[in-house]
1. Using the Cβ atoms and a cut-off under 12 Å, what net charge is assigned to the surroundings of Gly422, where Lys and Arg are +1 and Asp and Glu are -1?
2. Within a 10 angstrom radius of the beta carbon, how do Trp193, Trp81, Trp131 rank from fewest other beta carbons to most?
3. How far apart, in nm, are two points set 7 Å out from the Cα along the Cα-to-Cβ line at Glu263 and at Ala124?
4. Taking the Cβ of each residue in Lys345, Lys374 as the centre, tally the other Cβ atoms inside 10 Å and list the residues starting with the fewest.
5. Label Leu160 and Leu99 with points 7 Å out from Cα along Cα→Cβ: what is the distance between them in nm?
6. Taking amide hydrogens as modeled 1.01 Å from N in the peptide plane, which residues meet the under 5 Å criterion relative to Val219, leaving out close sequence neighbours?
7. Extension gain Ser412-Ala167, at 0.36 nm per residue separation less the Cα-Cα distance, in nm?
8. Under the 0.36 nm per residue contour assumption, what length would be gained going from the current alpha-carbon distance of Ala351 and Ala300 to full extension?
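Read-outs throughout are calculated quantities, based only on the coordinates presented, and are distinct from any laboratory measurement. Not measured: the values here are computed from a predicted model. Every residue, glycine among them, receives a Cβ derived from its backbone with ideal geometry; neighbour counts consider all protein chains shown.
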Amino acid sequence: MIAVPGLKFAYRSDETHVAIETAAFLIPGLAAVLFGGRALRGHSRTDVLLCAALALLSLTNLCFSVIPSLVDENPGKFAIWAPATGRFLGAAAFAVAALLVPRRLTAPRRSLVRALLAMVGVVALVALLGWLFADDLPRGVDPALSPDSANRPRIVGHWLVLSLQVATLFLYSLAAIGFLRRSQRERDALLLWIALSAALSALARLNYFLFPSLYSEWVYVGDLFRLAAYVALLIGISREMLAYQRGAADAAVFEERRRLARELHDGLAQELAFIRSEGARLSGTTDRGVMRMATAAERALGEARMAISSLTTPVGEPLEVSLGRAAEAVALRMGARVEVDCTGKPEVPTAARQALERIVREATSNAVRHGQAKVIRVEINANDRLRVAIVDDGRGFKTTTAPGRDSFGMISMRERTEGMDGAFSIQSAPGEGTTVEVILPNAEPERPRRI
């Protein structure tokens, strides 16, 4: 379709051209605002250059295409040379941003202001030169050119216009390659969409070289590629904005969780610690009620600490880190050692993570309190299913023995596992330690969030 304009994939409409130019003004302008914000947060020179390049393209399309089309039905030579020059300079800025070595700026706000002022100056200079020399400019392309009469590529127009199209094609191709490599190296999804947009822009310039519909009344293949490039840019910035929104929501939730954790620590946990210390002072008493109260206070304090730990867990913390900390919160106080062995990259929803933390904590508590275990090993295996096993070197017990009235912990672990559609099992024998195993065949990660 690019090389065979005889397919006559064309539509004659000045209004559609104005609509495309309006999109070419609004979308790069919005993207420039986004990259300006990224530059201020990340101090990235690349983001500053991208902001400047997008601002230049946006101003070029507004000042040299949209406004002249609305003011004058036949804007003349200015409508060819001024946009072509501005778009070439915008493509050059794109290529520089893609190929320049990334560097962290010490004063991003000042650099951003200077870059934007420079782009405004470039647009003003192009407009001034176009206005001063409008009568002396050659006729670039015949605006009455029609694809209906084209059965082969029509490389027509002034040589300088054609040269600008080829140079812009080359610059966008360099930008596409550069941003593609940068996105893979830096794991930045937005740069991948920028690379796609640059590639589509390069295809549009190739078609404009073969048939210059950009300067005629016809909407042709090149215009569709150009519009697709801006749609790809819009999708990329929309995804980035959604990621920012999710990140801001996560930050707000995490701050509220930290507030609740502080309230628990300064209130409930302190009172429970006092009750536990008083119970320890009365450890020599023979009153079984007092001993049960002290034991309950200790367990309640452990639960409070578990809640505080869960509330202060950073968003996106690796599962092996959170499960290892849950085991250590119990084991270290009893003189036991915790080892964590993880294979794969386990990712589970927040609710499942919290349930696994409680299961690990309960299993560790049983191992050190009842089995006198000295080493607790948490094994995590994430392949096609998620397997979490808590293995201890304690005394073990007979699994065939009916559970007693105080075995609610095992019931709780099993119910939590079944609530996640998983399988729960306990393997143990006297003198051989105990293995508590949880398998989640349907564990699925939450949607990845980037900020």
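1. Values: positive: Arg385, Arg387, Arg414, Arg416; negative: Glu415, Glu418, Asp421, Glu437.
Spelling it out: positives minus negatives among the neighbours equals 0.
2. Trp131, Trp193, Trp81
3. Here the modelled spin labels are 5.5 nm apart.
4. On the way: Lys345 10, Lys374 15.
With the sparsest Cβ surroundings first, the list reads Lys345, Lys374.
5. So the two model labels end up 2.4 nm from each other.
6. Tyr11, Arg12, Ser13
7. Working: separation 245, 0.36 × 245 = 88.20 nm, distance 6.89 nm.
Result: 81.3 nm gained on full extension.
8. Details: separation 51, 0.36 × 51 = 18.36 nm, distance 2.14 nm.
Extra length available between Ala351 and Ala300 comes to 16.2 nm.
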